[in-house]
Amino acid sequence: MNSRDAERLRSGMRAELVTPGDWVELDVDPATRHRSIRKAFRRGVARNPAIERDAVRVIGLLDRTSQMASENGAFYCASMIMNEPPHGLVLASMLIQRCFGDPVPPGASARDVCAGLAASISVDPDWAGADVGVVTLQRLGPAVRTCLIDAGAVVQYIAPLMVSPAQIVMTFTCPCPPYVATAIELFDAMASSLVLTLTTDGTRAG
């Protein structure tokens, strides 16, 4: 994806959601994102001073996460630094993207669209072994929830935007096995709190 495509996907969307105090939003604007990386590092050190000894590695992890989000057209990215022996330094993260797709079939509801997406994901080899289902997010409506546990955990939500041929994709990751159950519970709560605003006209998405 080139920078013009990424910016097109980001434009016009704003996310509001509840995150724990030790999570920090990372700026996805290439021109300004390093300021948020420094903030995330300072917050991580305040939570666990031992992280400061690995400043170069931690900042590198944050930088790669922010860069990946930017290059993939994400309009929201947040992370939490974890230093948990024997796993060492790891980064729990989330990003929210808008992905354009096919127009919604006439007469189809959001739940109909989600059922079709869930059926496709269930036979996708990349998600082999995942738990896939249709859920309702409190502030956004129907969405496909996919949860894959393999050492760590990946939880992804796909919610159709019925006002346009696009989908909101939220991806949460936690690479630390002892915290998988807690992380999944947290990710579900964060997803349920999401409110999207189309910033071009101030309307709520969903």
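The values are calculated or read from the model by the stated rules, or taken from the named source; none is laboratory data. Keep in mind the model is a prediction, meaning the values are calculated, not measured. Note: ideal-geometry Cβ built from the backbone for every residue, glycine included; neighbour counts use all protein chains shown.
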Quiz item: Just a yes or no: is a residue in region 155-163 in a strand (DSSP E or B), β-branched (V, I, T) and touching a helix residue (DSSP H, G or I) at 6+ places or on another chain (Cβ under 8 Å)?
Solution: yes
Restricted to region 18-37 and to residues being touching a residue at least 12 places away in the same chain (Cβ under 8 Å) and either of a type in the set (D, E, K, R) or in a helix (DSSP H, G or I) (or both), the residue surrounded by the most Cβ atoms within 10 Å (Cβ to Cβ) is I37
Of the residues in region 164-195 that are part of a strand (DSSP E or B) and closer than 23 Å to G116 by Cα, the one that is modelled with the lowest pLDDT is A166
If we keep only residues of region 79-111 that are of a type in the set (A, V, I, L, M, F, W, C), within 22 Å of the chain's Cα centre (by Cα) and at pLDDT 85 or above, then the residue nearest to P175 (Cα to Cα) is A92
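Quick grid of which residues meet (1) touching a residue at least 60 places away in the same chain (Cβ under 8 Å); (2) surrounded by 15 or more Cβ atoms within 10 Å (Cβ to Cβ); (3) of a type in the set (V, I, T):
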residue: F100; (1), (2), (3): yes, no, no
residue: V113; (1), (2), (3): no, yes, yes
residue: A119; (1), (2), (3): no, no, no
residue: D126; (1), (2), (3): no, no, no
residue: L148; (1), (2), (3): no, yes, no
residue: V163; (1), (2), (3): no, no, yes
residue: F172; (1), (2), (3): yes, yes, no
residue: L186; (1), (2), (3): yes, yes, no
Taking region 148-177 and keeping only residues that are on the phi < 0 side of the Ramachandran plot and more than 15 Å from the chain's Cα centre (by Cα), one is left with I149, D150, G152, P160, L161, M162, V163, S164, P165, A166, C176, P177
Reported set for region 48-78 where residues are under 13 Å from T171 (Cα atoms) and assigned to a helix (DSSP H, G or I) is T65, M68, A69
Contact list, first residue from region 64-80 and among the aromatic types (F, W, Y), second anywhere and at pLDDT 90 or above, beta-carbon distance below 7 Å, six or more apart or interchain, is F75/I96; Y76/L95; Y76/I96
Checked region 181-191 for anything farther than 16 Å from Q167 by Cα and not acidic (D, E); matches are A181, T182, A183, I184, L186, F187, A189, M190
